[in-house]
Number of protein chains: 2
Amino acid sequence: MEQTEQIKDHGGWLKRFVHKSECCQCDMTFSVFLPAQAESQKVPVLYYLSGLTCTDDNVRTKGGAQRFAAEHGIALVMPDTSPRGDDVPDAADRYDLGKGAGFYVNATRQPWSKHYQMYSYVTDELPKLVASELPIDASRESITGHSMGGHGALICALKQPGRYRSVSAFSPIGNPVNCAWGHGCLGAYLGDEKNEWKNWDATELIEAGAPCPPMLADQGGDDSFLADQLNTDKLQAACKKAGLDASIRMQDGYDHSYHFISSFMGDHIAFHAGHLRG
Amino acid sequence: MEQTEQIKDHGGWLKRFVHKSECCQCDMTFSVFLPAQAESQKVPVLYYLSGLTCTDDNVRTKGGAQRFAAEHGIALVMPDTSPRGDDVPDAADRYDLGKGAGFYVNATRQPWSKHYQMYSYVTDELPKLVASELPIDASRESITGHSMGGHGALICALKQPGRYRSVSAFSPIGNPVNCAWGHGCLGAYLGDEKNEWKNWDATELIEAGAPCPPMLADQGGDDSFLADQLNTDKLQAACKKAGLDASIRMQDGYDHSYHFISSFMGDHIAFHAGHLRG
């Protein structure tokens, strides 16, 4: 991997890398924040999966996470939201399919399946790469994300039992088989068979009995996507029925933006830090 | 003034307003963060003056200030960096003159003088407006800023003795009469007479004996503008010679970006909070 940027940030270093991804068959960009503690020891890692239309840049610029990652001595790994490049298929007229909208699944349908392997990318290829090249303790991983990426974090945790120490989400798409964003992406990437979609849906996975690490989720009460896309109530009901260790909080007055995310970032990183110790 | 946006943020409200500015003779946009404490009482206020090319949006999105303003119960007022609109003269081929580059002076030369009255705007018209319309205690004001706006904060404090309780700056242009950015803006806005420029230069004002409230400044050691534009050493020497209560800190490895600003925002707001109490 090639380091393309290095910026001092909260006593640590914010770095950007580009590498040839085998599973996505294209060059992929990601950012990493290494706290000062990483200069003398391997540090635990928190993956942050971004939402629709984002790149690795949004959270590193607007999320306010570096302050808390520095305080707790945690590395942040911030991948892109899809494969990129001229060879990668896209739905140019849509913000919610194709580039910027990989949905963290492994696509099985043409023309998407060659490049859109984001689940394998964020759970396998990227973790192996950063563990081999950076002072990251791969035995201490947690995962979080926003919206599409909040759901991405949930499915990564649910589909990899025992892997992540904790999972959190900001305004996750709670039950994509039952919303337009989910229909659009899952239909395109996985085909028309809705039973297959359930293997990539957090609420459905929980209902099917998937184990889950401790979970924290925050949802803005004035989020304009809450009514039609997010299905927080369905996620909440599934967690309750399954008896999961899950705290899903409605935050009155907040919207879907990074102002919401940054307002609760401190809580999320402290939550993960508690599980990433030792 | 008209409120055009309201976003819940760190328990308070981030608002944006547009109003017809008398001194700038155009519509001006600014943002305000009101912490939760402002719901029951008037709160002290910190002005943040932004740097070249910025609007009110940069700091509210990337500065990380709302977290600390919420903690300390301080309102943030974030003005634009210049007059705006189709009628406002500009230097379209330059990022460092005209729109986005008002330099917080009152222009006296054509074609700038009609609209470019940013000093009066940020020290007089805007404070009167926010004090009359918002729960802000106008007797408790401090001021900060970045780069061009860091210098702007310094000259506002130096030219208004007794007005601000404290002043701070991130990577300020320390001595604009001696750098290209200063020559460009001061020459255009104020004319060729360099003695006139000195009335708008922090180092020159300090050398001429202007009193100054307690000052904190941070400067990144790897800032690419440090050698040619910022003259931190001249500002530092002037403060020392004048015996000012000024802490000007070199921060090893940091650049000129908002990653630098957000890394030290907590220190700056805590510094101002100490002076804004009671």
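Descriptive notes on the structure:
- Teacher prompt: B:Ala91 distances to equivalent labels in other copies, 7 Å Cα→Cβ, nm: 4.8
- Working value for segment B:138-268: equivalent-ellipsoid semi-axes of 21, 19, 13 Å, each the square root of 5 times a Cα gyration tensor eigenvalue, largest first.
- A 1.4 Å probe run over chain B, with the rest of the protein chains in place, finds 36 Å² accessible per residue.
- A:Tyr164 contributes an accessible area of around 10 Å² to the protein surface, as traced by a 1.4 Å probe with all chains present.
- Take the accessible area of chain A alone and of chain B alone, subtract that of the pair, and you get about 1600 Å² summed over both chains, using a 1.4 Å probe.
- The modelled label-to-label distance between A:Asp252 and B:Gln3, using points 7 Å beyond Cα along the C-beta direction, is 1.7 nm.
- Distance between modelled label sites at B:Asn199 and A:Ala180, nm, 7 Å Cα→Cβ extension: 5.9 nm
- Highest average first, the peptides A:210-218, A:142-150, B:250-258, A:270-278 ordered by how many other beta carbon atoms sit within 10 Å of their residues are A:142-150, A:210-218, B:250-258, A:270-278.
- For segment A:122-214, the Cβ-based charge dipole about the Cα centre amounts to some 240 debye (Lys, Arg positive; Asp, Glu negative; other atoms uncharged).
- Estimated FRET transfer efficiency when R0 is 30 angstrom, pair A:Ala242-A:Asp87 (beta carbons, to 0.05): 0.10
- Debye intensity ratio I(q)/I(0), log10, segment B:77-227, q values 0.13, 0.17, 0.18 Å⁻¹ (C-alpha model): -0.58, -1.00, -1.11
- Taking the helices alone, the protein assembly as shown has a mean residue ellipticity at 222 nm of -9000 deg cm²/dmol, built from -39,500 (n - 2.57) per DSSP H run of at least 4 residues and averaged over all its residues.
- Volume per residue of the convex hull around the Cα atoms, evaluated for chain B, comes out as 112 Å³.
- Its Cα gyration tensor gives the protein assembly as shown an equivalent ellipsoid; the semi-axes, largest first and in whole Å, are 46, 24, 23.
- Remark: label point of A:Lys159 defined 7 Å out from Cα along the Cα-Cβ vector; separations to the same position in other copies 6.0 nm, ascending.
- For segment B:87-177, the relative contact order comes to 20 percent (Cα pairs under 8 Å, sequence separation of at least 6).
- Dividing the Cα radius of gyration of segment A:1-149 by 2.2 N^0.38 Å, with N the residue count, gives 1.01.
- Spatially proximal lysines relative to A:Lys8 (Cα-Cα < 21 Å; intrachain offsets below 8 disregarded): A:Lys42, A:Lys62, B:Lys62
- For segment B:228-262, residues shielded by at least 50 square angstrom of accessible area compared with the chain on its own, probe 1.4 Å: B:Tyr254, B:His259
- Carbon plus sulfur fraction of accessible area for the protein assembly as shown, probe 1.4 Å, in percent: 46 percent
- Contact with the other protein chains removes 10 Å² or more of accessible area, compared with the isolated chain and a 1.4 Å probe, from these residues of segment A:61-80: A:Thr61, A:Lys62, A:Arg67, A:Phe68.
The values are calculated or read from the model by the stated rules, or taken from the named source; none is laboratory data. Predicted, not measured: the structure shown is a model, and the values here were computed from it. All Cβ positions, even for glycine, are placed from backbone atoms using ideal geometry, and neighbour counts span all protein chains on display. Side chains included, ligands, DNA and RNA excluded: accessible areas come from the protein's heavy atoms. Shrake-Rupley method; radii C 1.70, N 1.55, O 1.52, S 1.80 Å.
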